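For reference, the structure is listed below as structure tokens.
The values are calculated or read from the model by the stated rules, or taken from the named source; none is laboratory data. Computed from a predicted model, the values in this text were never measured in an experiment. Methodologically, a virtual Cβ is constructed for each residue, glycine included, from the backbone with ideal geometry; neighbour enumeration extends over all protein chains shown. Just so you know, the surface numbers come from the protein's heavy atoms only, side chains and all, with ligands and any DNA or RNA stripped out. Shrake-Rupley method; radii C 1.70, N 1.55, O 1.52, S 1.80 Å.
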Amino acid sequence: MFPVNLFPLRTLPTATVGQYFTLVRSLTGGVSRLGKKAEHAENEELAAQDLPVTFVDDDAESTEEREARIATLRNKSRLLPQHRNMLHGVLPYDQSQSWIHETVKYKRMMLGRYGIDGSRVDPRVCFPTKTEAYEKQEYERVAFPFSLKQMMDANEAERKARKAAIEAREAEVARKLEKLDQWTTDLNARIAKKEAEARAAKERKDRLVEEVRRHFGFKVDPRDERFQEMLALKEREDRKKVKEAKRKEKEEKMMEKLQKKTAQFEVVGDGDVPSEQMK
């Protein structure tokens, strides 16, 4: 027997075998789909050959129907009919769709927007009725009771009054500005008087405290009860002195005033004394 030389077998990896099988399945599926498509196209061609030849009769369709059909085919906007009519400036509805469409306000609006021919509205609806005219006249009589001439006169009088008030205010401001220097002087005098009184009160208080300390002959705490009692006593005495001084000053002024009146009486003599001098 002769020796048989066998071809060496090569083992393929598992992943490569899977790819081969997937490729084979895809090729088989593609061939089957192509066959089905070819068969379907052949059947359609045979069916078309079996149908009889027909002709479109243009006379069977009227011109209006043809135009309507063409217009329907041309409408690619998918808008509602009323919206498409508004877009093209046409009355939205051919017939009333709501009670609002029967109101006078809606009809007047359609007439103003689309005109007499486009709105198909009677133009007499724009004019008020006798009742409306009477009600409007009554409203104007109550709301505007004055005539145009009366309102113009009242406006003119009000304008003059405002002008007079402004002029009076300006005059008052000018008059007060003239007195501003005097008011400033008086204010400064009052402030200086207050400050002088405050300084005098402080000096008087310091003087009384010093007198109390001299009375005791040694330094005493101002918070001490004896110091407070003596200080209160000194303040009472000081107030009495001030009061007595004011009384004497007042008496001196009265005596001086009486002396002046006596001198006037002596000058006048026995005659009547004028009322102004008596005052």
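A search for C-beta distances below 6 Å between a residue of the stretch 222-239 that is assigned to a helix (DSSP H, G or I) and any residue that is modelled with pLDDT of 75 or more and polar (S, T, N, Q), counting only pairs 6+ apart in sequence or on different chains, returns nothing. Checked against the criterion of being of a type in the set (S, T, Y) and at pLDDT 90 or above, the candidates T129, T103 yield just one match: T103. Taken together, the residues in the stretch 152-165 that are open to solvent by less than 90 Å² (accessible area, probe 1.4 Å), aliphatic (A, V, I, L, M) and closer than 24 Å to Q137 by Cα amount to 1.
Residues checked against (1) among the aliphatic types (A, V, I, L, M); (2) within 30 Å of K76 (Cα to Cα); (3) within 36 Å of the chain's Cα centre (by Cα); (4) part of a helix (DSSP H, G or I):
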residue	(1), (2), (3), (4)
D94	no, yes, no, no
Q97	no, yes, no, no
R108	no, no, yes, yes
D117	no, yes, no, yes
Y134	no, no, no, yes
E140	no, no, yes, yes
F146	no, no, yes, no
E156	no, no, yes, yes
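Just to be sure before I move on: is D122 free of Cβ contacts under 8 Å to residues at least 40 places away in the same chain, of a type in the set (D, E, K, R), within 30 Å of V90 (Cα to Cα) and open to solvent by less than 90 Å² (accessible area, probe 1.4 Å) in the structure I sent? When the stated conditions are applied, D122 passes them. Pairing residues of the stretch 83-108 that are open to solvent by 50 Å² or more (accessible area, probe 1.4 Å) with residues that are of a type in the set (A, V, I, L, M, F, W, C), at Cβ distances under 6 Å and at least 6 apart in sequence or on separate chains, gives V104/V125; K107/V121; K107/V125; R108/C126.
Cβ separations smaller than 8 Å between residues 6+ apart or across chains give the following pairs from the stretch 241-264 residues that are part of a helix (DSSP H, G or I) to residues that are surrounded by 10 or more Cβ atoms within 10 Å (Cβ to Cβ): K261/Q277; Q264/V273; Q264/Q277. Listed conditions (1) of a type outside the set (F, W, Y); (2) part of a helix (DSSP H, G or I); (3) exposed (fewer than 10 other Cβ atoms within 10 Å of the Cβ) are all met by R113, apart from (3).
Screening G115 with (1) in contact with a helix residue (DSSP H, G or I) (Cβ under 6 Å, 6 or more places away or on another chain); (2) closer than 21 Å to N85 by Cβ gives one miss only, at (1).
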